[in-house]
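Shown next, in structure tokens, is the structure this report addresses.
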Amino acid sequence: MAGYNNNQIKPTPPRWLLAELTYSCPLQCPYCSNPLDYASYKTELSTDDWKRVLTQARKMGAVQLGFSGGEPLTRQDLPELVKHARELGYYSNLITSGYGMTEEKIVQLKEAGLDHIQVSIQASTQELNDHIAGTASFEHKKQVAHLVKKHGYPMVLCVVIHRENIHQMPEILAMAEELGADYLELANTQYYGWAHINRDLLLPTQEQFEKAEAIAQAFKEQVAGKMKIYYVVPDFYEDRPKACMNGWGTTFLTIAPDGVALPCHSARELPGLECPNVNDYSIEEIWYESKTFNFFRGFDWMKEPCRSCDEKEKDFGGCRCQAYLLTGDMYNTDPVCSKSPEHGVIGQAIESARVAALAADEKPLVFRNSKNSRGMG
Amino acid sequence: MTINPQLPIRFSRTHRLQWEEAQQKFVILYPEGMVELNQSSAEILKCCDGERTLADIVTELEQKFATSGLHPDISAFLEVALNNGWIQQ
């Protein structure tokens, strides 16, 4: 393992652990952030492996824990893992589609020590929700949201926003209010994984974004004190990149279903990182010593215009995965930045999506399922 | 929102106040978020047990730290806490 240079400051420990328990999922959302070839990763960590990972990361200082996937409810050992996490002092977040959730399970997870359940809904109408999810799930999701509230959890409703549902913004907000959400996450699609290949069909126009954002902002003021709104900005319409992951290897640690440790959940797409596996190394070795986690730490890896930029400590050059996907070079400045010499690719993506939206013969969405995944290998 | 001096104050049931050994400080945990607290903020929040009012908390902390004149600071902090949803009345 490479290790960090001795002349660098010792990295901060992880605070956030995202446990992707499985890639299996009954939904088929075409913007899923799982890797395109997820079907080729067949092995899953055992219950004992996960317990060891949770214990090691907690000892280093990780405190926020997300149980995610895929659909984490498909893991039968979820209550056991939640219980272990609670004993260690984690704040546990369950990030679920709600599919397969029952009242009995909601109670069981509460007793095990789960702190919060985030339920995703794909749209404000049954027809569109079920189309995007690729599964009839709308009424059940609303029922789950009610049950989450009933049993005293803070309820977070998550809606991923894209061109197919952005016109429903007023109805989505009304639905969140009706369901009594404590938090509403309006997550503009980030274009990685499946969303990247479906971008022409998902990326809204600037006019659509601005209209939806104005509606969401007005609502935010209206419900202040009752509901908190997390608004994930659509970075294609920004002129500075996001401070992705709060900086590489500073805060976030993702463990994929097969035990591969990642500095962000998309990092598997980057070439040559040789991501370590928790079956071979401890979390402490992975975090401090691995080549992967040191790859983009600090500022030495940067090329121009980032290297001499006075904003580099603010955004860390943006997102490595986005630089790779859009410019072919993961060391480049995130092209969202208007200082990037390749910033033009963003304009091209926006234009390409606009043309696709106006075309009469729009291509169908590629849904996230095992059949499509096997064709991506 | 402002603190009602008549009513007891309790820490939110949907947040968690916890000592973090790795950070050597108290934190508030909530869905996908964390607030790091300094010592005085943590001392105030630990008093929000659903029985004590603002005046009770001031008395308690002035006694504990053998000082006086804490009312304005405690009141201002509790108002911030109330507006962030960390405490309720």
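Quick one: count up the residues across the stretch A:304-331 that are in a helix (DSSP H, G or I) and either hydrophobic (A, V, I, L, M, F, W, C) or under 13 Å from A:Leu270 (Cβ atoms) (or both).
8
Select from the stretch A:143-174 the residues that are of a type outside the set (Val, Ile, Thr), under 26 Å from B:Ser12 (Cβ atoms) and buried (at least 19 other Cβ atoms within 10 Å of the Cβ) and write down the one among them that is nearest to the other protein chains (Cβ to nearest Cβ).
A:Pro154
Name the residues in the stretch A:63-121 that are β-branched (Val, Ile, Thr) and either in contact with a Leu (Cβ under 6 Å, 6 or more places away or on another chain) or farther than 27 Å from B:Glu21 by Cβ (or both), would you?
Of everything in the stretch A:63-121, those that are β-branched (Val, Ile, Thr) and either in contact with a Leu (Cβ under 6 Å, 6 or more places away or on another chain) or farther than 27 Å from B:Glu21 by Cβ (or both) turn out to be A:Thr74, A:Val82, A:Thr96, A:Thr102, A:Ile106, A:Val107, A:Ile117, A:Val119, A:Ile121.
Report yes if A:Ala261 is out of contact with any His (no Cβ under 9 Å at 6 or more places or on another chain), assigned to a loop (DSSP other than H, G, I, E, B), of a type in the set (A, V, I, L, M) and free of Cβ contacts under 8 Å to residues at least 60 places away in the same chain, otherwise no.
Against the criterion (out of contact with any His (no Cβ under 9 Å at 6 or more places or on another chain), assigned to a loop (DSSP other than H, G, I, E, B), of a type in the set (A, V, I, L, M) and free of Cβ contacts under 8 Å to residues at least 60 places away in the same chain), A:Ala261 does not qualify.
Applying the selection to the stretch A:307-335, what residues are more than 18 Å from A:Pro14 (Cβ to Cβ), of a type outside the set (Asp, Glu) and touching a Cys at 6+ places or on another chain (Cβ under 8 Å)? It would help to see each step written out before you state the result.
Here is the first cut: in the stretch A:307-335, the ones more than 18 Å from A:Pro14 (Cβ to Cβ) are A:307-315, A:317-319, A:321-335.
So of that shortlist, the ones also of a type outside the set (Asp, Glu) come out as A:307-309, A:312, A:314, A:317-319, A:321-328, A:330-333, A:335.
Selection gives A:Lys312, A:Gly317, A:Gly318, A:Cys319, A:Cys321, A:Gln322, A:Met330, A:Thr333.
Just a yes or no: is a residue in the stretch B:49-64 touching a Pro at 6+ places or on another chain (Cβ under 9 Å) and on the phi > 0 side of the Ramachandran plot?
The answer is yes, given that some residue of the stretch B:49-64 is touching a Pro at 6+ places or on another chain (Cβ under 9 Å) and on the phi > 0 side of the Ramachandran plot.
Residue-wise test of (1) among the hydrophobic types (A, V, I, L, M, F, W, C); (2) surrounded by 15 or more Cβ atoms within 10 Å (Cβ to Cβ); (3) farther than 24 Å from A:Val156 by Cβ; (4) within 14 Å of chain A (Cβ to nearest Cβ).
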site: B:Asn4; (1), (2), (3), (4): no, no, yes, no
site: B:Leu7; (1), (2), (3), (4): yes, no, yes, no
site: B:His15; (1), (2), (3), (4): no, yes, no, yes
site: B:Ala55; (1), (2), (3), (4): yes, no, yes, no
site: B:Phe65; (1), (2), (3), (4): yes, no, yes, no
site: B:Gly69; (1), (2), (3), (4): no, no, yes, no
site: B:Ala81; (1), (2), (3), (4): yes, yes, no, yes
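For the stretch B:28-53, which residues satisfy the criterion of being of a type outside the set (D, E, K, R), surrounded by fewer than 19 Cβ atoms within 10 Å (Cβ to Cβ) and within 11 Å of another protein chain (Cβ to nearest Cβ)?
B:Gly33, B:Met34 - these are the residues of the stretch B:28-53 that are of a type outside the set (D, E, K, R), surrounded by fewer than 19 Cβ atoms within 10 Å (Cβ to Cβ) and within 11 Å of another protein chain (Cβ to nearest Cβ).
Within the stretch A:158-166, can one find any residue that is within 22 Å of the chain's Cα centre (by Cα) and within 25 Å of A:Glu103 (Cβ to Cβ)? Even if it seems obvious, please write down each step before you answer.
Residues of the stretch A:158-166 within 22 Å of the chain's Cα centre (by Cα): A:158-166.
Remaining after also requiring within 25 Å of A:Glu103 (Cβ to Cβ): A:158-159.
Yes; the residues of the stretch A:158-166 include at least one that is within 22 Å of the chain's Cα centre (by Cα) and within 25 Å of A:Glu103 (Cβ to Cβ).
Could you list, in sequence order, the residues of the stretch B:17-27 that are among the acidic types (Asp, Glu) and within 7 Å of another protein chain (Cβ to nearest Cβ)?
Selection gives B:Glu20 alone.
Just the residues that are of a type in the set (A, V, I, L, M, F, W, C) and farther than 20 Å from B:Ser12 by Cβ, please, taken from the stretch A:110-138.
A:Ala112, A:Val119, A:Ile121, A:Ala123, A:Leu128, A:Ile132, A:Ala133, A:Ala136, A:Phe138
How about the stretch A:13-131: which helices (runs of 4 or more DSSP H) wholly inside it have at least 3 residues that are within 21 Å of A:His265 (Cα to Cα) and not aliphatic (A, V, I, L, M)?
A:47-60
Scan the stretch A:111-123 and give yes if some residue there is away from chain B (no Cβ under 14 Å), touching a Lys or Arg at 6+ places or on another chain (Cβ under 8 Å) and either small (Gly, Ala, Ser) or buried (at least 23 other Cβ atoms within 10 Å of the Cβ) (or both), otherwise no.
The answer is yes; a qualifying residue exists.
Does A:Thr102 count as touching an Asp or Glu at 6+ places or on another chain (Cβ under 6 Å) and either surrounded by fewer than 16 Cβ atoms within 10 Å (Cβ to Cβ) or among the basic types (Lys, Arg) (or both)?
Values: touching an Asp or Glu at 6+ places or on another chain (Cβ under 6 Å): no; either surrounded by fewer than 16 Cβ atoms within 10 Å (Cβ to Cβ) or among the basic types (Lys, Arg) (or both): yes.
So A:Thr102 fails the test.
Could you tell me whether A:Tyr183 is closer than 21 Å to A:Asn93 by Cβ, in contact with a Ser or Thr (Cβ under 8 Å, 6 or more places away or on another chain) and not polar (S, T, N, Q)?
Values: closer than 21 Å to A:Asn93 by Cβ: yes; in contact with a Ser or Thr (Cβ under 8 Å, 6 or more places away or on another chain): no; not polar (S, T, N, Q): yes.
So A:Tyr183 does not fit the description; no.
Within the stretch A:196-228, which residues are β-branched (Val, Ile, Thr) and in contact with an Asp or Glu (Cβ under 8 Å, 6 or more places away or on another chain)?
Of everything in the stretch A:196-228, just one residue is β-branched (Val, Ile, Thr) and in contact with an Asp or Glu (Cβ under 8 Å, 6 or more places away or on another chain), namely A:Val223.
Name every residue in the stretch A:222-239 that is out of contact with any helix residue (DSSP H, G or I) (no Cβ under 6 Å at 6 or more places or on another chain) and away from chain B (no Cβ under 14 Å), in order of residue number.
A:Gln222, A:Val233, A:Asp235, A:Glu238, A:Asp239
Each reported figure results from applying straightforward, stated rules to the coordinates on display, with no laboratory input. Bear in mind that the values here come from a model prediction, so they are computed numbers and not experimental data. All Cβ positions, even for glycine, are placed from backbone atoms using ideal geometry, and neighbour counts span all protein chains on display.
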